[in-house]
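Trainee: Sharing a structure here in structure tokens format.
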Amino acid sequence: MKKSLLLLAILATPAFAQQQSTLDAVKSKGFVQCGVNTGVAGFSAPDSKGVYRGIDVDLCRAVAAAVFGDANKVRYTPLTAQQRFTALQSGEVDILSRNTTWTITRDTSLGLNFVGVNYYDGQGFMVHAKLKVKSAKQLNGATVCVQPGTTTELNLADYFRANRMTFKPVVIEKLDEVLNAYFAGRCDVYTTDHSGLISTRATRAPKPEEHVILPEIISKEPLGPAVRHGDDRWFDVVKWSMFAMLEAEEMGLSTKTIDKEASSTNPNIQRFVGATGDIGKMLGLDNKWAFNIVKQVGNYGESFDTNLKPLGFERGLNRLWNQGGLMYAPPIR
């Protein structure tokens with residue numbers, strides 16, 4: 001009888017109650033495991049000392065600052081486009097912060113939750129200047145380098161089909177190898193997100209002036225971090241860590257001003273820094289979670305200016321909503 005009651009109790013227990021939450025697991029091991037790109041300057045790439053830098057990396061660091069009060073408690077797993085989703089699904093990484101496009105397929109059948117958009121992008125084309133191509137409409141019959149397992153590969157086929165053009169794909173998984181193929185002349189064209197083209201030309205091209213980024217943007221590519229389905233608390237932590245960086249920029253809070261502003265009588269700032277309210281407790285975090293993000297990582301604008309602006313990026317759609325862009329954070333209250 002006792003065995004039967006025990007079995008019924010186990011069967012009646014929700015599956016999520018039998019599993020440790022991601023937040024608890026992260027706290028137990030003492031760091032956030034973050035899946036990043038194998039190397040796209042400005043987003044996630046190791047510097048000359050092997051330290052990862054970029055706006056995707058800053059998101060990981062923001063989560064660590066929120067959870068531990070220490071932005072350095074992050075470990076990075078470099079992932080190819082084909083590896084990234086399996087790594088998140090299997091629990092190899094806690095967050096996928098790897099210039100990944102938010103699509104309905106990925107948001108549903110792959111079991112991912114995108115926490116938001118940290119860079120609004122679109123797919124473009126880069127060609128060898130010597131070809132004297134001025135428009136993507138002139139690429140009929142071109143040889144195109146592209147990575148598999150990406151929306152880029154699908155958009156490429158759609159664009160050429162829609163414009164009644166043909167192309168010869170050169171499909172290579174590893175980023176370094178696909179770039180080497182393009183720079184060696186195996187391909188007329190390299191296609192990826194427009195941001196990736198800017199980054200590649202600025203940091204990888206032997207002679208940047210020998211490569212032209214064409215004007216056409218052929219798709220919507222909202223890039224953002226993702227977590228696994230089924231763990232709402234961790235979803236909230238990562239989501240609001242990203243929103244805190246946006247809200248901080250809008251409020252004028254930065255690494256340089258946050259200490260002084262922490263004593264402000266502005267009720268919005270008081271809530272943000274944890275001087276009033278229990279927002280941190282709502283997330284299962286210390287009340288200074290947002291203060292720690294800004295103090296140690298910075299606001300979104302600081303991250304953009306540090307990582308992307310030196311490479312020639314403009315804010316464009318990634319300006320704040322009140323400056324003509326699309327970046328908008330829900331109220332932290």
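Trainee: For the stretch 274-288, indicate whether the set of residues that are touching a Ser or Thr at 6+ places or on another chain (Cβ under 7 Å) and either closer than 30 Å to ASP94 by Cα or surrounded by 17 or more Cβ atoms within 10 Å (Cβ to Cβ) (or both) is non-empty. Let's see the steps before the verdict.
Mentor: Step one: of the stretch 274-288, the residues touching a Ser or Thr at 6+ places or on another chain (Cβ under 7 Å) are none.
No: the stretch 274-288 contains no residue that is touching a Ser or Thr at 6+ places or on another chain (Cβ under 7 Å) and either closer than 30 Å to ASP94 by Cα or surrounded by 17 or more Cβ atoms within 10 Å (Cβ to Cβ) (or both).
Trainee: Something else about it: So the check is Cβ under 6 Å with 6+ separation or different chains; which pairs have a first residue in the stretch 184-213 that's over 18 Å from GLU173 (Cα atoms) and open to solvent by 80 Å² or more (accessible area, probe 1.4 Å) and a second one that's aliphatic (A, V, I, L, M) and part of a helix (DSSP H, G or I)?
Mentor: GLU210/ALA129
Trainee: Being among the acidic types (Asp, Glu) and farther than 27 Å from GLU314 by Cα is the filter here; which residues of the stretch 167-206 pass it?
Mentor: GLU173, GLU177
Trainee: Filter the stretch 260-290 for residues that are touching a residue at least 60 places away in the same chain (Cβ under 8 Å) and among the acidic types (Asp, Glu) and give the result.
Mentor: So the first thing to find is which residues in the stretch 260-290 are touching a residue at least 60 places away in the same chain (Cβ under 8 Å), and the list is 268, 271-272, 283-286, 288-290.
The one that is touching a residue at least 60 places away in the same chain (Cβ under 8 Å) and among the acidic types (Asp, Glu): ASP286.
Trainee: Output the residues belonging to the stretch 118-136 that are within 26 Å of PRO206 (Cβ to Cβ) and open to solvent by 10 Å² or more (accessible area, probe 1.4 Å).
Mentor: Selection gives ASP121, HIS128, ALA129, LYS130, LEU131, LYS132, VAL133, LYS134, SER135.
Trainee: Now a separate question. Mind listing just one residue for me: the one in the stretch 221-234 that is open to solvent by 40 Å² or more (accessible area, probe 1.4 Å) and in contact with a strand residue (DSSP E or B) (Cβ under 8 Å, 6 or more places away or on another chain) and, of those, farthest from VAL127 (Cα to Cα)?
Mentor: Within the stretch 221-234, the subset open to solvent by 40 Å² or more (accessible area, probe 1.4 Å) is 228-230, 232-233.
Now restrict to residues that are in contact with a strand residue (DSSP E or B) (Cβ under 8 Å, 6 or more places away or on another chain): 228-229.
Numbers: ARG228: 37, HIS229: 39 Å.
Out of the qualifying residues, it is HIS229.
Trainee: Here is a follow-up. State whether one or more residues within the stretch 282-294 are of a type in the set (A, V, I, L, M, F, W, C), more than 20 Å from LYS239 (Cα to Cα) and part of a loop (DSSP other than H, G, I, E, B).
Mentor: First, pick out the residues of the stretch 282-294 that are of a type in the set (A, V, I, L, M, F, W, C): 282-283, 285, 289-291, 293-294.
Going one step further and asking which of them are more than 20 Å from LYS239 (Cα to Cα), we end up with none.
There is no residue in the stretch 282-294 that is of a type in the set (A, V, I, L, M, F, W, C), more than 20 Å from LYS239 (Cα to Cα) and part of a loop (DSSP other than H, G, I, E, B).
Trainee: If you go through the stretch 295-333 one residue at a time, how many are part of a helix (DSSP H, G or I), under 25 Å from THR22 (Cα atoms) and either small (Gly, Ala, Ser) or touching a Ser or Thr at 6+ places or on another chain (Cβ under 7 Å) (or both)?
Mentor: Here the count works out to 1.
Trainee: Would you tally the residues in the stretch 240-263 being closer than 17 Å to GLY69 by Cα, open to solvent by 40 Å² or more (accessible area, probe 1.4 Å) and assigned to a helix (DSSP H, G or I)?
Mentor: Qualifying residue count, the stretch 240-263: 2.
Trainee: Now, a different point. How many residues does the stretch 95-106 contain that are surrounded by 17 or more Cβ atoms within 10 Å (Cβ to Cβ), among the hydroxyl-bearing types (Ser, Thr, Tyr) and not in a loop (DSSP other than H, G, I, E, B)?
Mentor: So the count comes out to 1.
Trainee: Contact list please: Cβ distance under 8 Å, first residue in the stretch 223-240 and more than 21 Å from LEU317 (Cα to Cα), second residue assigned to a helix (DSSP H, G or I) and open to solvent by 30 Å² or more (accessible area, probe 1.4 Å), pairs at least six apart or on different chains.
Mentor: The qualifying pairs are VAL227/PHE235; ARG228/GLN89; GLY230/PHE16; ASP231/PHE16.
Trainee: Right, next: Among the residues of the stretch 19-42, count how many are among the small types (Gly, Ala, Ser) and part of a helix (DSSP H, G or I). Let's see the steps before the verdict.
Mentor: Going through the stretch 19-42, the residues among the small types (Gly, Ala, Ser) turn out to be 21, 25, 28, 30, 35, 39, 41-42.
Imposing the further condition that a residue be part of a helix (DSSP H, G or I) reduces the set to 25, 28.
Counting residues in the stretch 19-42 that are among the small types (Gly, Ala, Ser) and part of a helix (DSSP H, G or I) gives 2.
Quick grid of which residues meet (1) modelled with pLDDT of 95 or more; (2) buried (at least 23 other Cβ atoms within 10 Å of the Cβ):
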residue	(1), (2)
ASP47	no, no
LEU59	yes, yes
ASP70	yes, no
PRO78	yes, no
GLN82	no, no
VAL93	yes, yes
THR108	no, no
GLY116	yes, no
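Trainee: Among the residues of the stretch 316-333, which ones are of a type in the set (Lys, Arg) and open to solvent by 90 Å² or more (accessible area, probe 1.4 Å)?
Mentor: Of the stretch 316-333, the ones of a type in the set (Lys, Arg) are 319, 333.
Of everything in the stretch 316-333, just one residue is of a type in the set (Lys, Arg) and open to solvent by 90 Å² or more (accessible area, probe 1.4 Å), namely ARG333.
The values are calculated or read from the model by the stated rules, or taken from the named source; none is laboratory data. From a predicted model like this one, the values you see are computed outputs, not experimental measurements. Note that each Cβ is placed from the backbone with ideal geometry, even for glycine, and that neighbours are counted across all protein chains shown. Surface accessibility is based on the protein's heavy atoms, side chains included, excluding ligands, DNA and RNA. Shrake-Rupley method; radii C 1.70, N 1.55, O 1.52, S 1.80 Å.
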